[in-house]
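The values are calculated or read from the model by the stated rules, or taken from the named source; none is laboratory data. These numbers come from a predicted model, not from an experiment. A quick note on method: Cβ atoms are made from the backbone with ideal geometry, for glycine too, and the neighbour counts reach across all protein chains shown.
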Amino acid sequence: MSMIAASARIHPTSLVEDGAVIGENVSIGPFCHIGSQVVLGDNVELVSHAVVTGRTEIGRGCRIFPMAVIGGVSQSLHEAGEESSLTIGENCTMREGVTMNTGTVGGGGKTVVGSNGLFLANCHVAHDCQLGDGIIMSNNVMLAGHVHVGDRAILGGGCAVHQFTRIGRQAFIGGLSAVNYDVIPYGMLNGNPGVLGGLNVVGMTRAGVERATIHSVRRAYKDIFEAEGNVRAKAADVRETYVDCPEALEIIDFITAESDRAISSPFRRKA
């Protein structure tokens, strides 16, 4: 039996399957379908013609627009109907045609989306992706499986991200870019194949990062990417130089961490 708060408003043309949990002040517009394992937090709004299915939990204040399908099974070739889930934080907006899939057993079984995200029309978040808070994905952005995206990253329209790729915090990905390799925190990447074009200084400034800190991060960037040698080795070598700059250390730790992908560089090759 469904658990539906008395204050929820459900249009008579919509279907809520037995077992669903519907919070206070939820608004479900015409022709929506809510699956039996779905949990909708307080103040969630489904405008119309939206599908929320699978073992999916959506945090308070989220808005889902027409033709979005949230919580569908993964499109992995290894999908075999195993138990998996999708969790979305608070105050996210999923515009028209957005699709977000549940996880797979091979990837941990969970797709996780943070809070305060904006996902514009026809974005796709594949199985086992892990997304932070405050992310903006413009129209037609495509994330393959197992992608990690850090807080406040911005992905321009039509860009495609290879499976198992990491995109660091406050990175900026230009429209129509092909993201084949990991993108450092605060990095700016453009093109096909994607090329690292420096630092997202505008984003850092808007986030309140001090000018002196930005200069330190720029020096670290030059030390790592403009000198001869292996990028991961160079990042490890300069770590002690930047122990007083958390932002630079964040980039260094990102580069030296284990990853399935190489690091995007300012050249048309992996680093």
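Below is a table of values for the structure above.
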item: Hits in the range 143-165 (condition: closer than 22 Å to Gly89 by Cβ and more than 10 Å from the chain's Cα centre (by Cα)); result: Ala144, Gly145, His146, Val161, Thr165
item: Single unsatisfied condition, Asn25 versus (1) surrounded by fewer than 18 Cβ atoms within 10 Å (Cβ to Cβ); (2) in contact (Cβ under 8 Å) with a residue 24 or more places away in the chain; result: (2)
item: Qualifying residue in the range 181-193 (condition: assigned to a strand (DSSP E or B) and touching an Asp or Glu at 6+ places or on another chain (Cβ under 7 Å)); result: no
item: Among (1) touching a residue at least 12 places away in the same chain (Cβ under 8 Å); (2) closer than 23 Å to Val147 by Cβ, the one test that Leu77 misses; result: (1)
item: Set Gly81, Gly59, Gly72: member being of a type outside the set (Asp, Glu), out of contact with any Phe, Trp or Tyr (no Cβ under 8 Å at 6 or more places or on another chain) and under 13 Å from Val125 (Cβ atoms); result: Gly72
item: Members of the range 250-265 found to be aliphatic (A, V, I, L, M) and surrounded by 16 or more Cβ atoms within 10 Å (Cβ to Cβ), listed by number; result: Ile251, Ile252, Ile255, Ile263
item: Scan of the range 228-238 for residues that are loosely packed, with under 15 Cβ neighbours inside 10 Å and either of a type in the set (Lys, Arg) or touching a Lys or Arg at 6+ places or on another chain (Cβ under 9 Å) (or both), ordered by number; result: Glu228
item: Breaking point among (1) over 19 Å from Glu79 (Cα atoms); (2) of a type in the set (D, E, K, R); (3) surrounded by fewer than 23 Cβ atoms within 10 Å (Cβ to Cβ), for Arg166; result: (3)
item: Any strands (runs of 3 or more DSSP E) falling wholly within the range 1-90 and containing at least 1 residues that are over 18 Å from the mean Cα position of the chain (by Cα) and over 22 Å from Asn140 (Cα atoms); result: 55-58
item: Residue within the range 40-58 that is in contact with an Asp or Glu (Cβ under 8 Å, 6 or more places away or on another chain), surrounded by fewer than 19 Cβ atoms within 10 Å (Cβ to Cβ), modelled with pLDDT of 95 or more and of a type outside the set (A, V, I, L, M, F, W, C) present; result: yes
